[in-house]
Every structure is written in structure tokens, then in C-alpha cells.
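Reading through the C-alpha cells given below for one structure.
The numbers here are math on the coordinates, done by the rules we state, and not lab data. All of these numbers come straight from a predicted model, not from anything done at the bench. As a convention, Cβ positions derive from the backbone with ideal geometry for all residues, glycine included, and neighbour counts pool all protein chains shown.
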Amino acid sequence: MCELKVILKGKTIMEDVVRITQEKENIILQSLLGESKTVRGRIKDVNLTKQEAIIEC
């Protein structure tokens, strides 16, 4: 499976993310184990080769 590491301001804020949902100015991150986190920002880049998603404010 392809889980992502999510990076905000150069720091990893969540790992093993399997779902990213943009809702207006918020991004909802959900992990493989059902953990959820909401952050403000927008998706800048998703790189499946590096298994990371970059969010910017």
C-alpha cells in the first residue's frame, strides 16, 4: 500500500496517511489506523515516489 508522510513548514506533521481531503481552507488527513488530523492550508505537492505530501499555509 502507499502511505504518505505529510509535511508542513518543513516538519513532518503526520505519517502513514492514506487519505487527504481538501475542504475550503482546511485539509483533513486520515491515517491507515483511522487517526484524523485537520490543518489549515493547501496541498502544494504530492510525490508518490518519495511517499510524501507537502502542505503550505
Q) Could you give the dipole magnitude of the chain about its Cα centre, charging the beta-carbon of Lys and Arg +1 and that of Asp and Glu -1, in debye to the nearest 20? A) 200 debye
Q: Could you go through the range 2-18 in sequence order and give the Karplus-derived ³J(HN,Hα) for each residue, using 6.51 cos²θ - 1.76 cosθ + 1.60 with θ = phi - 60°, rounded to whole Hz, and x for Gly and Pro?
A: 10, 9, 10, 9, 9, 10, 9, 6, x, 10, 6, 9, 6, 10, 6, 7, 10
Q. For the chain, what proportion of DSSP beta bridges, expressed in % and rounded to the nearest 5, is antiparallel?
A. 85 percent
Q: At a temperature of 25 °C and a viscosity of 0.890 mPa s, determine how fast the range 7-57 diffuses translationally according to Stokes-Einstein, using the Kirkwood radius over alpha-carbon pairs as Rh; express D in µm²/s, rounded to the nearest whole number.
A: 223 µm²/s
Q) Which is the longest part of the chain that has none of the GluC sites (Glu not before Pro) sitting in a DSSP loop with at most 16 other Cβ atoms within 10 Å? A) 36-57
Q: Convert each backbone phi in the range 36-49 into a coupling constant with the Karplus relation 6.51 cos²θ - 1.76 cosθ + 1.60 (shift: θ = phi - 60°), then list the ³J(HN,Hα) values in order as whole Hz, x for Gly and Pro.
A: 10, 9, 10, 10, 8, x, 9, 6, 8, 7, 10, 10, 6, 5
